[in-house]
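Asker: This is the structure, below, for whatever I ask next.
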Amino acid sequence: MHPWIRRTLFGLASLVLAAATTFAGIIAFSAPAELPRLAAGDTLPGTESWNRVEIPEVRRVAARDGAPLTYRLYPGRADRAVILVHGSSGSSISMHKLAQALQQAGASVYSISLRGHGGSGTVNGDVSYHQQLDDDLVDFVQATGLANPKIRRSLIGFSSGGGFVLRSASGPNRANFHDYFAISPYIAQAAPTTRPASGGWVSVAVPRVVALSILDGFGLPWFQGLPVLRFATTAKPSENRTPVYSFRLAAGLQLARDWRAALGRIDRPTAIVVGSKDELFYAERYAPLFAELNPKVSVVVEPGFGHLDMVADSKACAAVAQLWQRLQ
């Protein structure tokens, strides 16, 4: 081999090795930063006045991999079912007041804890693959008997759970529900509705996310159990709180990367409601966004309410329940 060819190959190999080392370093050492506790996203207002006797016990069904899926049941009409999805870091108990309002409006409410939260799955803050939350939702409907064609099914979610509702409404399993309702939903980091860092609620390990996304694009789901999101809470991992998300859990909650096209695909009855004083998202930007991408999705702004008010304030919860009734 000619010396200049050897030198060229050696140089290329050195560049590849340096790039791989840098790439590995980004994945290994880029982690979500600690944040100061954010009261607007961390503590539900009014919880000290809850009547704990009214909170249903946790129930469980099994997912296809045998892992538990936990939920709380608020029984109502047998032919009207709502599956209720909590927001980021939460669990089924955080939706208690809204579940009660929907129950009073006539629904049988299944307040679920997504895998990685509230005792669902096997690891706090993690899933096994991107689509596992989608599969869990299918499994939950089957395991609880909600697939009965006589039951009208609604999927309602709050904040990140609202984003998961929109993901479901635009995804391959969208026929599993008759209608969808997203409360103060997270759309995407680049969406005009999202405040910087979601109003200080979330820290993102951006270099790690980019590196893992590149690997994922090549069909290499490596290192996806590493944390990429940290929330502004002092809570530790527990049955009720999930302060850190892995890459694959975060990806499984969100809309597709081409989220604009995904929102445009929604063809089931779908509504969005957000409080006018939301601290994490720009309430006034939802209506223009959906007018552009999918005018069939209705948007309501409830005056005077902040982010957590929408699932904790009795007046806001009653307004949400009334809006749900209009979808029926």
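The values are calculated or read from the model by the stated rules, or taken from the named source; none is laboratory data. As the structure is a computational prediction, the values presented were derived from the model and not from experiment. Note: ideal-geometry Cβ built from the backbone for every residue, glycine included; neighbour counts use all protein chains shown.
Asker: Condition first: under 29 Å from HIS130 (Cα atoms), outside any loop (DSSP other than H, G, I, E, B) and not charged (D, E, K, R). Now tell me which residues in region 288-306 satisfy that.
Answerer: If the condition is that a residue be under 29 Å from HIS130 (Cα atoms), outside any loop (DSSP other than H, G, I, E, B) and not charged (D, E, K, R), then LEU289, PHE290, LEU293, SER298, VAL299 are the ones that fit.
Asker: Please determine, by comparing only the residues of region 39-54 that are under 28 Å from ARG230 (Cβ atoms) and in contact with a His (Cβ under 9 Å, 6 or more places away or on another chain), which one is modelled with the highest pLDDT.
Answerer: The qualifying residue modelled with the highest pLDDT is TRP50.
Asker: Looking at region 193-234, which of its residues are within 26 Å of ALA39 (Cα to Cα) and loosely packed, with under 15 Cβ neighbours inside 10 Å?
Answerer: Passing the criteria: ARG195, PRO196, VAL206, THR234.
Asker: Is there any pair with a first residue in region 135-163 that is free of Cβ contacts under 8 Å to residues at least 40 places away in the same chain and farther than 29 Å from ASP309 by Cα and a second that is surrounded by fewer than 17 Cβ atoms within 10 Å (Cβ to Cβ) and of a type outside the set (Val, Ile, Thr) whose Cβ atoms are under 8 Å apart and which are 6 or more apart or on different chains, and what are they?
Answerer: Within 8 Å, the pairs are VAL138/ASN173.
Asker: Being among the polar types (S, T, N, Q), within 14 Å of ASN240 (Cβ to Cβ) and not in a loop (DSSP other than H, G, I, E, B) is the filter here, so list the residues in region 43-76 that pass it.
Answerer: Within region 43-76, THR47, THR70 qualify.
Asker: Let me ask another. Can you report the number of residues in region 255-266 which are within 20 Å of ALA287 (Cα to Cα), in contact (Cβ under 8 Å) with a residue 12 or more places away in the chain, surrounded by fewer than 20 Cβ atoms within 10 Å (Cβ to Cβ) and not basic (Lys, Arg)?
Answerer: 1
Asker: If a residue counts only when it is at pLDDT 95 or above and touching a Phe, Trp or Tyr at 6+ places or on another chain (Cβ under 6 Å), which strands (runs of 3 or more DSSP E) contained entirely in region 185-278 have at least 2 such residues?
Answerer: The qualifying strands (runs of 3 or more DSSP E) are 227-231, 270-275.
Asker: Under 7 Å between Cβ atoms, which residue pairs at least 6 apart in sequence (or on different chains) link something in region 267-281 that is buried (at least 23 other Cβ atoms within 10 Å of the Cβ) with a partner that is of a type in the set (Phe, Trp, Tyr) and part of a loop (DSSP other than H, G, I, E, B)?
Answerer: GLY275/PHE305; LEU280/TRP201
Asker: Then there's this: Scan region 175-184 for residues that are of a type outside the set (Phe, Trp, Tyr), more than 15 Å from PHE290 (Cα to Cα) and either crowded, with 24+ Cβ neighbours inside 10 Å or touching a Phe, Trp or Tyr at 6+ places or on another chain (Cβ under 8 Å) (or both) and jot them down.
Answerer: Once the filter is applied, which keeps residues that are of a type outside the set (Phe, Trp, Tyr), more than 15 Å from PHE290 (Cα to Cα) and either crowded, with 24+ Cβ neighbours inside 10 Å or touching a Phe, Trp or Tyr at 6+ places or on another chain (Cβ under 8 Å) (or both), region 175-184 yields nothing.
Asker: Within region 10-30, identify whether any single residue is modelled with pLDDT of 60 or more, in contact with a Ser or Thr (Cβ under 6 Å, 6 or more places away or on another chain) and not in a helix (DSSP H, G or I), and answer yes or no.
Answerer: Looking through region 10-30, none of the residues is modelled with pLDDT of 60 or more, in contact with a Ser or Thr (Cβ under 6 Å, 6 or more places away or on another chain) and not in a helix (DSSP H, G or I).
Asker: Which residues, taken from region 157-174, are buried (at least 24 other Cβ atoms within 10 Å of the Cβ) and among the hydroxyl-bearing types (Ser, Thr, Tyr)?
Answerer: Scanning region 157-174 gives SER159, SER160, SER168.
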